[in-house]
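The values are calculated or read from the model by the stated rules, or taken from the named source; none is laboratory data. The shown structure was predicted, so the numbers you read here are calculated from the model rather than taken from an experiment. Cβ: placed from backbone, ideal geometry, glycine included. Neighbour counts: every protein chain shown. Surface accessibility is based on the protein's heavy atoms, side chains included, excluding ligands, DNA and RNA. Shrake-Rupley method; radii C 1.70, N 1.55, O 1.52, S 1.80 Å.
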Amino acid sequence: MSITDGASKPTASGSPDDELPTTYSAADVESALYARWQAAGTNTADPSRVNRLGGAREPYTIVMPPPNVTAILHVGHGLNNSVQDVLIRWRRMAGDEALWVPGTDHAGIATQNVVEKQLAAEGTSRNALGREAFVARTEQFVETTGGEILQQLKAIGASADWTRTGYTLSAPLSAAVTEAFVRLFEEGLVYRGHRVIHWCPRCMTSLSDEEAEFNDTQGALYHIRYVVDGDPAASITVATTRPETMLGDVAVAVSPSDDRYAGFVGKQLILPISGVRIPVIADDYTDAAFGTGAVKITPAHDANDFEVGKRHHLDAPVVIDAEARMNGSGDSVDRVPPELRGVDRFEARERIVQMLRERGALVKIVAHAHSVRHCYRCETVVEPRLSDQWFVKMAPLAQPALEAVRTGRIRILPERWEAVYINWLEGIRDWNISRQLWWGHRVPVYYCDACGAAPTASRTPITQCAACGTATRQDEDVLDTWFSSWLWPISTLGWPNESSDDLKAFYPGDVLVTAPEILFFWVSRMIMSGLHFMGDVPYHTVYLHGTVRDMQHRKMSKSLGNGIDPMDVVHRYGADSLRWTMIAGMGLGVDVLLDPQDLEKSFAPGRNFLTKLWNIGRFLLTKVGSDPVERLDRIAPLSLTSADHWILGRLTVAIRECDAALGPVRPGANGRWSDAERSAGMRLDAYADAARRFVWNELADWYLEAVKPRLIAGGEDADVARAVLVHAFDNALRLLQPIIPFLTETLWARLPLRLDGTIRESEFLANAAWPAGIATHPDGEP
RNA sequence: GGGCGAAUAGCUCAGUUGGUUAGAGCACCUGUCUUACACACAGGGGGUCGGGGGUUCGAGCCCCUCUUCGCCCACCA
């Protein structure tokens, strides 16, 4: 009989051929077993069983960070989802109604970029296709190839509730997006702003502050002399890292307290190359100690300069276009000399520097290290650009989110991230949510060009102007991907339908498991949206895990070629090995180092442990046999040997250690973490280690050896030994199920029955009870 | 510029409020195919806990300082 057969027909009727193969073959077991879990609905949560709806169980909810719909599983996903699955499986066994909501994210910019690349390869482009055809094409692409990652998650054993799989661009979740936008619009928290934003000239869209990442760059500080109008002997030298923007200068700002320039304030300077006259102004923005103490002010191409410009009522001439080429528009056309028009910004920089040099306006060039913002999707240097965008006013949303962490309704682990969270929220800036893309949720705002009525945000499409009856025009922009992500914990449960059973049963949820990188992008915004739209936090614990890196501590990435394909590991060592390695090897918030060059070295410990467990199982099933065993509580304590007492004591200790490592499940009755609880628990590595120690060092190395003669001798004492052995192993399998579900389930199905048939209270170990310690054997000493 | 983290055995890491000879896995050495397991078992070697200073009866753990890596944030013109 093969393992697969054995697993599919769990039986304790020990037929002679019912022997386990000498080696465990994960590949033969895992996918079939997963299918059986699926068929039995072990992962499916039922709101009617939840105490919030009159049921008997506590809910335990985790929402999966939705991977990009076009993503394929990488080892980071493997780590992230292994952690979530351990927690969910643990709580499911412990009697909670555990719900793990899976799904995918439409990933606006990322997906649009993928499809645009495909189109380019086909010799066409999105503009050639037009908006409607492009969106259709992308939808089709997502439909045919998207979501593969969800299948891969099943292969690593993720026990998510697939009946509730969400997708941010699905109809129900899109309705939630529209509802959220319109509500915020009506509350005055969404507004149209005219200001300098981050612009990616390759993606051709604006970006939020968070999407424009700083990269350290070795640049230069160009010192340029601006001569005073009417006094060629007098001049001010400005320092800039971006000389090409000088074409758009409208002033030079000096510090009001800078004596060097006091006499210049109010005078006019002549801008080299264009000859435009600009004033010298005094503004606190300028730091007299930096550079030359004089700053050129380019309101259209620098966010700070824009603010300075506003204070001094200066124009904001545009000299760089959307594709980052030198070009004026409207009144500013003449500011860009004909020979520079249409020239790329970096090429223009070289040429302008040369022109300045020729005119004697270039004083010097000094090497200067600074940080430059790049597009987080394509690495292109971001261009500050003056434009009209939709913003969310964040301060009113941030305040309750700040309080939630300060008062202990939410804890963030490791705790040090709480300071980072608080610091960010205290200095929060408004969120630019409009994107000049086609792939995403279209901004639900309608304009009437005919009568100029105020723009209307609407839950349903408006085709005719309410004021004048002419056809309206919908806003062309789509919303930031994260504007749908931040609703994920409520939208996947049915919001805005507040009578949804899922929402009532499973919200607020419990834990969010993710990497620190998206603390601002996502985690904090979900807290804000949960508090704002549902009046409660989406989770009480934020668990931030580390990053998977190679042996040189480099982040694993496709471009470096240092990645580990989790599916490769699954095929070679099994999902359980992968999971074990991740969970046992990862301290709280600590990076996991794995060697992509040597999978054997990285995953052998997990594989070895599984083999050990397998062999314990083989020993048990052959030596103990398949005859029913007595229930432990029916055995007179006096019949137990000191070895029996010892192993039962060790088991109790192991259970206690596992429980302690996993820690408090949820905050106390007032819904707030106490100081003591705040950092307790969630030590998955300590939990794995405690379970491993019991199984290997105590059960296998000691008790199994001690019990061999008794089993051989037979008689009543052999039956006692059999009962204790089965009890200990049964509990060991229960302790380990959350981490290595496949192997433990396979072995558990073959444990002999108890005399009263109670050993299997459930068809699956996945739904069996989490172990409880035995009160009569409180300590682990013999 | 501000903040945070890490530095413990050859490698990857544990060491919870300071308390007996500092631990695990892998690697290494010596035995052993002992009828569950050589992906194993029995035993063993190996660490001035980054440097310096301090508090204490006592410090890997607390304080100061330095060095080296890494991360986050920032209106580095």
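Here are some notes:
- Residue ranges of strands (runs of 3 or more DSSP E) in the range A:337-443 with at least 2 members in contact with an Asp or Glu (Cβ under 6 Å, 6 or more places away or on another chain) and surrounded by 14 or more Cβ atoms within 10 Å (Cβ to Cβ): A:383-392
- A:ARG693 vs. criteria surrounded by fewer than 24 Cβ atoms within 10 Å (Cβ to Cβ) and either within 11 Å of RNA strand B (Cβ to nearest atom) or closer than 21 Å to A:PRO628 by Cα (or both): yes
- Subset of the range A:159-177 (residues that are part of a helix (DSSP H, G or I) and open to solvent by 30 Å² or more (accessible area, probe 1.4 Å)): A:TRP162, A:THR163, A:ARG164, A:ALA171, A:PRO172, A:ALA175
- Filter pass, A:PRO605 being open to solvent by 40 Å² or more (accessible area, probe 1.4 Å) and of a type outside the set (Ser, Thr, Tyr): yes
- Test: A:GLY574 is among the small types (Gly, Ala, Ser) and on the phi > 0 side of the Ramachandran plot: yes
- Among the residues of this structure, A:ALA700 counts as one that is under 15 Å from A:HIS727 (Cα atoms), hydrophobic (A, V, I, L, M, F, W, C) and surrounded by 17 or more Cβ atoms within 10 Å (Cβ to Cβ).
- Every residue from the range A:197-220 that is open to solvent by less than 30 Å² (accessible area, probe 1.4 Å) and at pLDDT 90 or above: A:ILE197, A:TRP199, A:CYS200, A:PRO201, A:CYS203, A:THR205, A:SER206, A:LEU207, A:SER208, A:GLU211, A:ALA212
- If you go through the range A:616-660 and keep only what is touching a residue at least 60 places away in the same chain (Cβ under 8 Å), within 16 Å of RNA strand B (Cβ to nearest atom) and open to solvent by 60 Å² or more (accessible area, probe 1.4 Å), you end up with A:ARG618, A:THR622, A:LYS623, A:ARG656.
- A Cβ distance below 7 Å, combined with a sequence gap of six or more or placement on separate chains, defines the contacts here; from the range A:400-425, residues that are near RNA strand B (Cβ under 10 Å from one of its atoms) and at pLDDT 90 or above reach residues that are of a type in the set (Val, Ile, Thr) and not in a helix (DSSP H, G or I) in the pairs A:TYR421/A:ILE412.
- Residue count for the range A:266-288 satisfying the condition of being open to solvent by 30 Å² or more (accessible area, probe 1.4 Å), among the hydroxyl-bearing types (Ser, Thr, Tyr) and either away from RNA strand B (no atom under 12 Å from the Cβ) or under 12 Å from A:ILE236 (Cβ atoms) (or both): 1.
- Only residues that are near RNA strand B (Cβ under 9 Å from one of its atoms) and surrounded by 15 or more Cβ atoms within 10 Å (Cβ to Cβ) were counted in the range A:553-576, giving 1.
- Once the range A:661-670 is narrowed to residues that are open to solvent by less than 50 Å² (accessible area, probe 1.4 Å) and more than 16 Å from RNA strand B (Cβ to nearest atom), the residue that is farthest from the chain's Cα centre (by Cα) is A:GLY668.
- Of all residues in the range A:754-782, exactly one satisfies the criterion of being modelled with pLDDT of 70 or more and touching a strand residue (DSSP E or B) at 6+ places or on another chain (Cβ under 8 Å), namely A:ARG754.
- Scanning the range A:703-723 for residues that are open to solvent by less than 20 Å² (accessible area, probe 1.4 Å) and within 10 Å of RNA strand B (Cβ to nearest atom) yields A:TYR703, A:LEU704, A:VAL707.
- A:SER458 vs. criteria in contact (Cβ under 8 Å) with a residue 40 or more places away in the chain, farther than 22 Å from A:ALA107 by Cβ, hydroxyl-bearing (Ser, Thr, Tyr) and touching a strand residue (DSSP E or B) at 6+ places or on another chain (Cβ under 9 Å): yes
- Hits in the range A:299-317 - residues which are open to solvent by 40 Å² or more (accessible area, probe 1.4 Å) and more than 16 Å from RNA strand B (Cβ to nearest atom): A:HIS313, A:ASP315
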